[in-house]
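Novice: Have a look at this one.
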Amino acid sequence: MTTVLDLSSWGWNRFFQQQCALDEWETTFPARITAHHRTHFDVVTSKGHTSLAISASLPPLTVGDWILLDAQARFVRALDRLSTFARKSPGSAHHKQLIAANIDTVLLTVSLNHDFNLSRIERYYALCKEAGAEVVLVLTKADTCDDVAAYTSAAEMLDPLLPILAINALDAAAVQQLMPWCEAGKTLALMGSSGVGKSTLMNQLTGRALQRTADIRSDDSKGRHTTTARYLQALPSGAVLLDTPGMRELQLFDSEQGIKDAFAEIAQWANQCRYNDCQHESEPGCRIQRALQAGELSPRRWRNYCKLQREQERNGATLAEKRARERDLGRYYRSVQNNSRKQKNRR
């Protein structure tokens, strides 16, 4: 095992420490999940690195979670999260897929080429807002872009408080702009599409070539997957960084508040409509329609807001139906068990 002297360098702080009772310190010790493999999790503890086998008895866990292990490195319980990133599972299945936990800041990475898409940025932004993490928009490949200011101005319209940095990820000096968010004890995550430079950023921030990088296709700027797993990596600054694979499908899941926060002005205008049940179409006194007509709200942003709301409602309804079926099935099983016990007691 590699000795780890101080877990605070892996994000351990008072929030997690206060969840541990005094008697638990005598029989358990904290560990953080640093990677998720098919059969096991990699974890880091004050004693070093070890692994935890994945089994059906474990609760849903993900990279970034803090857990308690016993003296034999067996799972005891999971600690509450500061932030939780989740999406609807890819494909036709309707259940929540965990992405990461306990992330302080997301470096939302978008390249200044065909990949730049405001609607996609809004989708990721809503995900991060729902999770409860700070977001920094990192615009990469600035050295190959002829009009960086135009892209930056477009991004600034999404949220005037959103920090935006345009950098060349191959330039170590330019990447130093990210250092204010890489303080000791903080946990960051790189998120974005494939080929936007996340692996290059990871290599620059760690100071080592940990991730293989690949060129994008010149005809459409589409990237190739070079990151295939999520894992936490320690940075020289004392922070830890999570690299994530590019997600081809990112459907929002239980993200009602995240959408409201990502489209804060729309949520505010909707509350100013004359009617509480305004559909924002042709009703008199609709503040949304007035904003569209005055150019305060772009038709693209309004369409994307409506799209994400429909997606959230559809996935939320499916989830509610699934939970209701599970509750009904649980009641049925308990009923059968109770009847079986009554029959045995009568004999």
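Every read-out reported here was derived from the displayed coordinates using simple, explicitly stated rules and does not represent laboratory data. Everything numeric in this text was worked out from a predicted model, so none of it was measured. Counting neighbours? That spans all protein chains shown, and the Cβs are built from the backbone with ideal geometry, glycine included.
Novice: Ordered by residue, what ³J(HN,Hα) values in Hz, to whole numbers, does the stretch 186-196 give under the Karplus form 6.51 cos²θ - 1.76 cosθ + 1.60, where θ = phi - 60° and Gly and Pro are x?
Specialist: 8, 10, 10, 9, 8, 10, x, 6, 5, x, 8
Novice: Another question about this same structure. log₁₀ I(q)/I(0) of the stretch 58-110 at q = 0.16 Å⁻¹, via Debye over equal Cα point scatterers, no solvent, to two decimals?
Specialist: Those come out to -0.61, one per q.
Novice: Over 20 Å between Cα atoms, which of Lys129/Lys307; Lys96/Lys129; Lys141/Lys186; Lys88/Lys186; Lys141/Lys198; Lys186/Lys260 qualify?
Specialist: Values: Lys129/Lys307 17 Å; Lys96/Lys129 17 Å; Lys141/Lys186 26 Å; Lys88/Lys186 27 Å; Lys141/Lys198 11 Å; Lys186/Lys260 26 Å.
Violating the 20 Å Cα-Cα cut-off are Lys141/Lys186; Lys88/Lys186; Lys186/Lys260.
Novice: Calculate the translational D of the stretch 256-322 in whole µm² s⁻¹ from Stokes-Einstein, where the hydrodynamic radius comes from the Kirkwood formula applied to all Cα pairs, the temperature is 20 °C and the viscosity 1.002 mPa s.
Specialist: 168
Novice: Sequence gap at least 6, Cα distance under 8 Å: using those rules, report the relative contact order of the stretch 7-78 to the nearest whole percent.
Specialist: Contact order relative to length: 29 percent.
Novice: Right, another one. In the stretch 41-82, how does Rg compare with the Kirkwood Rh, expressed as the Rg/Rh ratio over alpha carbon atoms?
Specialist: Details: Rg = 9.9 Å, Rh = 10.9 Å.
With Rh from the inverse mean 1/r over Cα pairs, Rg/Rh is 0.91.
Novice: Related question: Non-local amide H neighbours of His40 (under 5 Å, H modeled in plane, Pro and chain starts lacking H): which ones?
Specialist: Ile54
Novice: When the label point is put 7 Å from the Cα of Met157 along its Cα-to-beta-carbon vector, which residues of the stretch 257-292 have a backbone N closer than 16 Å?
Specialist: Inside the label zone: 263-266, 291-292.
Novice: Okay, moving on. Which FRET efficiency value, to the nearest 0.05, is calculated for Arg14 and Gln176 with the Förster distance at 45 angstrom and r the Cβ-Cβ distance?
Specialist: Between Arg14 and Gln176 the formula returns 0.95.
Novice: Now, a different point. Given q = 0.13 Å⁻¹, what are the Debye log10 I(q)/I(0) values for the stretch 7-78, with equal point scatterers placed on the Cα positions and solvent ignored?
Specialist: Evaluating at q = 0.13 Å⁻¹ gives log10 I(q)/I(0) of -0.33.
Novice: Could you list Asp6, Asp65 so that the one with the fewest beta carbons within 10 Å of its beta carbon is first and the one with the most is last? Spell out each step's value before the answer.
Specialist: Values: Asp6 11, Asp65 23.
Sorted ascending by nearby Cβ count, the order is Asp6, Asp65.
Novice: When the Karplus curve 6.51 cos²θ - 1.76 cosθ + 1.60 is applied with θ = phi - 60°, which whole-Hz ³J(HN,Hα) does each residue of the stretch 112-118 get, with x for Gly and Pro?
Specialist: Going residue by residue, I get 8, 8, 4, 5, 5, 8, 4 Hz, with x marking Gly and Pro.
Novice: Here's another thing I want to ask about it. Under 5 Å between amide H atoms, partner at least 5 residues away or on a different chain: which partners does Thr84 have, H built in plane at 1.01 Å?
Specialist: Here Asn102 satisfy the definition.
Novice: If you don't mind, there's one more thing I want to ask. So what J values fall out for the stretch 277-285 if you push phi through Karplus, 6.51 cos²θ - 1.76 cosθ + 1.60 with θ = phi - 60°, rounded to Hz, Gly and Pro as x?
Specialist: Each residue of the stretch 277-285 in turn: 9, 4, 8, 6, 10, 10, 5, x, x Hz.
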